[in-house]
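J.: Sharing a structure with you now.
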Amino acid sequence: MRKPPAAEASPLRIALLSQCGGAIAVWILVAGLDLLTTADFARIPLLLALVQGGIAAMISLRLRAPVWWLPIHLAFMPLAVAVHGLDIAPGWFLAAFVLCLLVFWRVDRSRVPLYLTSDAAADALLELLPAAPCRFVDLGCGDGGLLRRLAAARPDCAFTGIEHAPLTWLLALLRSLGQPNLMIRRGDFWGEPLGGYDVIYAFLSPAPMSRLWLKVVEETTPGALLVSNSFEVPGVEADSTVAVGDRRKTRLHLYRQALLR
Ligand SMILES: C[S@@+](CC[C@H](N)C(=O)[O-])C[C@H]1O[C@@H](n2cnc3c(N)ncnc32)[C@H](O)[C@@H]1O
């Protein structure tokens, strides 16, 4: 199997390296080359922060990090300098950081952020469920809103949601209360055996789709259906695709295990 480039394997380390590289370069410019006096340095922190951001972005590119890191590197230090001037108590930054962590968890590793299935896509999904009772799993169930809706509409089916982010998992768990055919578990869905499910639903990102497909092929039984919201399995043609008429123009890609390739 292809070895992922360093930037893919440890994106946070690459980001940190780029930021530190930018800071060291600015420090060398200012102190080492004696371009500015200490008084100048104090007067133009925003300009220096912009230079640091530019250098960090270049280092990040050089280390082959994805291009979406560029605006983050360009904006990080200038924003830090701007916010520093606002005299906000440090506790707020800590609180914001903890909140992000509880909602997005290790998104740097999973490369799957949080966004939710639209109501229209949920209705389309409902139409795709077999007429007979079935077992359905949502891999990365977010706040559980989708599952709650499906479970209420199909009391004859058993719904399971697996979520690793603590806060969204807790929300999903609370939403599942009083819904006997809905079970929410906290954990990593890569460790969840898929053999017992008839429908596997995934709304993830392009990054894990090849790995997910291997898992589905290995673990599910003939007849099982993988429904991927928006993201296709690279190199595998979907058995069919449902276009949902929502604002996002959602497409549900259907892969049926009976037609195993
Ligand atoms: C795009 S959201 C989809 C939420 C929900 N399924 C929906 O369609 O409304 C993806 C969710 O998967 C979760 N996730 C990503 N990787 C995961 C993993 N390996 N194990 C469990 N949850 C994961 C994320 O925390 C996020 O809540």
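Read the figures in this text as sums done on the coordinates, not as results from a lab. This is a predicted model, so every value here is computed, not measured. Cβ: placed from backbone, ideal geometry, glycine included. Neighbour counts: every protein chain shown.
J.: Provide the three semi-axes, in whole Å and in decreasing order, of the ellipsoid equivalent to the chain as defined by the square roots of 5 times the Cα gyration tensor eigenvalues.
T.: On the way: eigenvalues 401, 91, 43 Å².
Square roots of five times the eigenvalues give 45, 21, 15 Å.
J.: Helix 45-62 versus the longest principal axis of the chain: what angle, 0 to 90°, nearest 10, using Cα atoms?
T.: Taking the Cα atoms of the chain, the angle to 45-62 is about 50 degrees.
J.: What's the ranking of 141-153, 171-183 by average number of surrounding C-beta atoms within 10 Å, highest first? Don't jump to the answer; show the numbers that get you there.
T.: Numbers: 141-153: 21.4, 171-183: 16.8.
Answer by packing, highest mean first, reads 141-153, 171-183.
J.: Can I ask one more? Would you work out if segment 57-111 is rounded, prolate or oblate? Take a ≥ b ≥ c from the square roots of the eigenvalues of the alpha-carbon gyration tensor; rounded if a/c is under 1.5, else prolate when a/b is larger than b/c, oblate otherwise. The partial results should precede the final answer.
T.: Working: a/c = 4.04, a/b = 1.28, b/c = 3.15.
Oblate, because a/c is 1.5 or more while a/b does not exceed b/c.
J.: Considering only DSSP beta bridges where both residues belong to the chain, give the percentage that are antiparallel (nearest 5).
T.: Details: 9 of 27 bridges.
Within the chain, antiparallel bridges account for around 35 percent of the total.
J.: Still on this model: What's the angle, to the nearest 10 degrees (0 to 90), between helix 166-176's Cα axis and the longest principal axis of the chain?
T.: Relative to the chain, helix 166-176 is tipped by roughly 30 degrees.
J.: Please compute the Kirkwood hydrodynamic radius of segment 119-259 from all pairs of different C-alpha atoms, in Å with one decimal. Walk me through the numbers before you get to the answer.
T.: Values: mean 1/r = 0.0663 Å⁻¹.
This gives a value of 15.1 Å.
J.: Per DSSP H run of n ≥ 4, the term is -39500 (n - 2.57); total these for the chain, divide by its residue number, and report the mean residue ellipticity at 222 nm rounded to 500 deg cm²/dmol. Please list the in-between numbers first.
T.: On the way: 11 runs with 121 residues, N = 261.
Value at 222 nm, helices only, nearest 500: -14000 deg cm²/dmol.
J.: Still on this structure: Could you give the angle, 0 to 90 degrees to the nearest 10, between helix 69-84's Cα long axis and the longest principal axis of the Cα atoms of the chain?
T.: Computed tilt is about 60 degrees.
J.: Mind giving me the nanometre distance, one decimal, between the label points for Leu29 and Val98, set 7 Å out from Cα along Cα→Cβ?
T.: 3.7 nm
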